[in-house]
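The structure appears right after this line, and notes come after that.
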Amino acid sequence: MKKLSILLLVLVIAMVGCSKGNELRRSQEVKGTIQVPESIKPNEKISIRILVTQGDKKIEDADDVQFQVEKEGYINQEMTEANHQGNGVYSTDYTFKEDGEYMITAHVTVKGDMKMFRKKVTVGNPEKK
């Protein structure tokens, strides 16, 4: 009976340790927040930015950050390189050619691990067609 109690205690301790490790790993995941102006007009140059963090640390040394912009209903494989602005922010200038719904995808690589972050934006007045 003593052996069974000790075995159960060891299993419980192991399970608690593993779950804390998973929580720590999740809190240390690379995260990205895409930032654009609230109002975007066609043919107006704007800055697309992404804040890249890991836990409470701002990532200053991402291997690669690129943006892909696709108009709803169209496929665009072209990527635009982002420049490091400091304080965990990477950005590029972009001009949306026409009114519509667009999906911005940021491709962020940190220490060989690539993550994608997405944000849907409305440009101009899409209903105006």
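The values are calculated or read from the model by the stated rules, or taken from the named source; none is laboratory data. Note that this is a predicted model, so its numbers are computed, not measured. Note that each Cβ is placed from the backbone with ideal geometry, even for glycine, and that neighbours are counted across all protein chains shown. The accessibility values were calculated without ligands, DNA or RNA, using every heavy atom of the protein model including side chains. Shrake-Rupley method; radii C 1.70, N 1.55, O 1.52, S 1.80 Å.
Condition check: closer than 20 Å to E29 by Cβ and out of contact with any helix residue (DSSP H, G or I) (no Cβ under 9 Å at 6 or more places or on another chain). Does N87 satisfy that?
The answer is yes for N87.
Residues of segment 34-54 being among the basic types (K, R) and under 16 Å from S91 (Cα atoms), which ones?
Step one: of segment 34-54, the residues among the basic types (K, R) are 41, 45, 49.
Correct list: K45, R49.
Condition first: assigned to a strand (DSSP E or B), among the small types (G, A, S) and in contact (Cβ under 8 Å) with a residue 24 or more places away in the chain. Can you find one or more residues in segment 24-31 that meet it?
No, there is no match, as no residue in segment 24-31 is assigned to a strand (DSSP E or B), among the small types (G, A, S) and in contact (Cβ under 8 Å) with a residue 24 or more places away in the chain.
Please indicate, with yes or no, whether at least one residue in segment 59-67 is open to solvent by 30 Å² or more (accessible area, probe 1.4 Å) and either in contact with an Asp or Glu (Cβ under 6 Å, 6 or more places away or on another chain) or assigned to a strand (DSSP E or B) (or both).
Initial filter on segment 59-67 (open to solvent by 30 Å² or more (accessible area, probe 1.4 Å)): 60-61, 63-64, 66.
Checking the rest, the ones that are also either in contact with an Asp or Glu (Cβ under 6 Å, 6 or more places away or on another chain) or assigned to a strand (DSSP E or B) (or both) come to 64, 66.
Looking through segment 59-67, at least one residue is open to solvent by 30 Å² or more (accessible area, probe 1.4 Å) and either in contact with an Asp or Glu (Cβ under 6 Å, 6 or more places away or on another chain) or assigned to a strand (DSSP E or B) (or both).
Filter segment 114-129 for residues that are of a type outside the set (V, I, T) and closer than 21 Å to G32 by Cβ; which is surrounded by the most Cβ atoms within 10 Å (Cβ to Cβ)? Walk me through how you get there before you give the answer.
Filtering segment 114-129 down to residues of a type outside the set (V, I, T) leaves 114-120, 124-129.
Filter once more, keeping what is closer than 21 Å to G32 by Cβ: 114-120.
Values: M114: 11, K115: 14, M116: 10, F117: 18, R118: 12, K119: 16, K120: 10.
That would be F117.
For segment 83-101, enumerate the residues that are under 14 Å from N43 (Cβ atoms) and part of a strand (DSSP E or B).
Those that are under 14 Å from N43 (Cβ atoms) and part of a strand (DSSP E or B): D93, Y94, T95, G100.
Counting just the residues of segment 45-58 that are open to solvent by 40 Å² or more (accessible area, probe 1.4 Å) and assigned to a strand (DSSP E or B), which one comes out nearest to D113 (Cα to Cα)?
Q54
Return the residue satisfying two criteria in turn: it lies in segment 102-129 and is among the polar types (S, T, N, Q) and part of a strand (DSSP E or B), and of such residues it is nearest to the chain's Cα centre (by Cα). Working first, answer last.
Our first condition is that a residue be among the polar types (S, T, N, Q); within segment 102-129, this holds for 105, 109, 122, 125.
From what is left, the residues that are part of a strand (DSSP E or B) are 105, 109, 122.
On the way: T105: 8, T109: 10, T122: 19 Å.
Only one residue tops the list, namely T105.
Counting only residues that are of a type in the set (F, W, Y) and surrounded by fewer than 12 Cβ atoms within 10 Å (Cβ to Cβ), how many does segment 74-113 have?
Initial filter on segment 74-113 (of a type in the set (F, W, Y)): 74, 90, 94, 96, 102.
Those still in the list that are surrounded by fewer than 12 Cβ atoms within 10 Å (Cβ to Cβ) too: 74.
Summing the residues that are of a type in the set (F, W, Y) and surrounded by fewer than 12 Cβ atoms within 10 Å (Cβ to Cβ) in segment 74-113 gives 1.
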